[in-house]
Amino acid sequence: MIEHDALSATREAYDAVAPTYAQLFRGELCDRPLDRAFLGAFAEVVSAGGGGRVADLGCGPGHITAHLVELGLAAFGIDASPAMIELARQAYPGLQFDVGSMAAVNIADGVLGGVLSRWSVIHTPPQELPLVLAEFHRVLAPGGHLLIGFSASDDPSHPAQVFDHTVAPAYRWSPDHLAAMLRESGLAEVARMVREPQPTDRRQFQEIHLLARKA
């Protein structure tokens, strides 16, 4: 099978910057109490729903996967970048990390209690996002939860907006539009968190966390 050019380009770009990326972001949750709180809420609803394994899709160097494990979840990570996966395995040798694509995850239907997609869909071209969301729905068990994070677009009338990501081409999304796409995929929004940019942030974008549930 021939990989899509966007996936191949993104993988190669992250392979090239993997050590720098890991160093920059490994401690990112330390000064993000709201992010930690929403990840904690995600862990609680997954556990309350019966638990089950949780996939961190687009896990990068594995620090968020490790945080989910600290919260009591049976979490494992998948990323398209082999270099990122190698760094994750080195940093967290007791956890599972595998190379893979969000659009075609090597996981059986309906077996996961949760899926985390934290800023991983930003590199998905708009025409391909429905396929990725359908894959999230496929691997989740009934009652399972998805937590998806992304940057918001400025204009709600434009569902997706390209922005100058440092590593690879990327998109911001209208929160309402993405929530509607989740509904079309069979995932009902449960809650959302909107984080306003800080004055010191390089990009003045709203950050969105959407929590959704599979019926």
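Assorted remarks:
- Amide H contacts under 5 Å for Leu112: Leu140, Ala141, restricted to partners 5 or more places along the chain or on a different chain, H placed in the peptide plane at 1.01 Å from N.
- Across region 102-112, coupling constants 3J(HN,Hα) worked out from phi with the 6.51/-1.76/1.60 Karplus curve, θ = phi - 60°, read 5, 7, 8, 7, 7, 9, 5, 5, x, 10, 9 Hz, and Gly and Pro carry x.
- Charge tally for Ala141 (other residues, Cβ to Cβ under 12 Å; Lys, Arg +1; Asp, Glu -1): +3.
- Portion, in percent, of the accessible area of region 95-135 that falls on carbon or sulfur, probe 1.4 Å: 57
- Fluctuation leader among Leu57, Leu178, Leu24 - the chain, Gaussian network, Cα springs under 10 angstrom: Leu24
- Largest GNM mean-square fluctuation across Pro199, Pro82, Pro175, computed for the chain with C-alpha springs under 10 Å, falls on Pro199.
- Cα point-scatterer Debye curve for the chain, base-10 log of I(q)/I(0) at q = 0.09, 0.16 Å⁻¹: -0.31, -1.12
- Percent RCO, i.e. relative contact order, over the chain, from Cα pairs under 8 Å lying at least 6 residues apart: 18
- FRET E, pair Arg202, Val17, Förster distance 25 Å, beta-carbon r, rounded to 0.05: 0.95
- Per-residue ³J(HN,Hα) for region 154-165, Karplus 6.51 cos²θ - 1.76 cosθ + 1.60, θ = phi - 60°, Hz, x for Gly and Pro: 7, 10, x, 6, 10, x, 9, 9, 5, 9, 7, 4
- Rolling a 1.4 angstrom probe over region 143-208 with all protein chains present gives an accessible area of which 51% lies on carbon and sulfur atoms.
- Taking only protein heavy atoms and a 1.4 Å probe, the accessible area of region 1-53 is 58% carbon and sulfur.
- The amide H of Asp56, built 1.01 Å from its N in the peptide plane, has Phe76, Gly77, Ile78, Leu116 as neighbours under 5 Å, considering only residues 5 or more places off or on other chains.
- Relative contact order (%) - region 125-181, alpha-carbon pairs under 8 angstrom, separation at least six: 32
- Computed over the alpha carbons of region 90-184, Rg followed by Dmax gives 14.4, 45 Å.
- Span-like helix ranges in the chain, DSSP H, alpha carbon extent 18 angstrom or more, Kyte mean at least -0.5: 5-25, 33-48
- Using θ = phi - 60° and Karplus 6.51 cos²θ - 1.76 cosθ + 1.60, couplings along region 117-123 (whole Hz; Gly, Pro as x): 10, 9, 6, 9, 7, 5, 9
- For the chain, the solvent-accessible area of protein heavy atoms averages 47 Å² per residue (probe radius 1.4 Å; ligands and nucleic acids excluded).
The values are calculated or read from the model by the stated rules, or taken from the named source; none is laboratory data. On a predicted model such as this, the values are computed, not experimentally measured, just so you know. Don't worry about glycine lacking a Cβ; one is built from the backbone with ideal geometry, like all the others, and counts go over all protein chains shown. Each accessible area value is taken on the protein alone, full model and side chains, heavy atoms only, with ligands, DNA and RNA left out. Shrake-Rupley method; radii C 1.70, N 1.55, O 1.52, S 1.80 Å.
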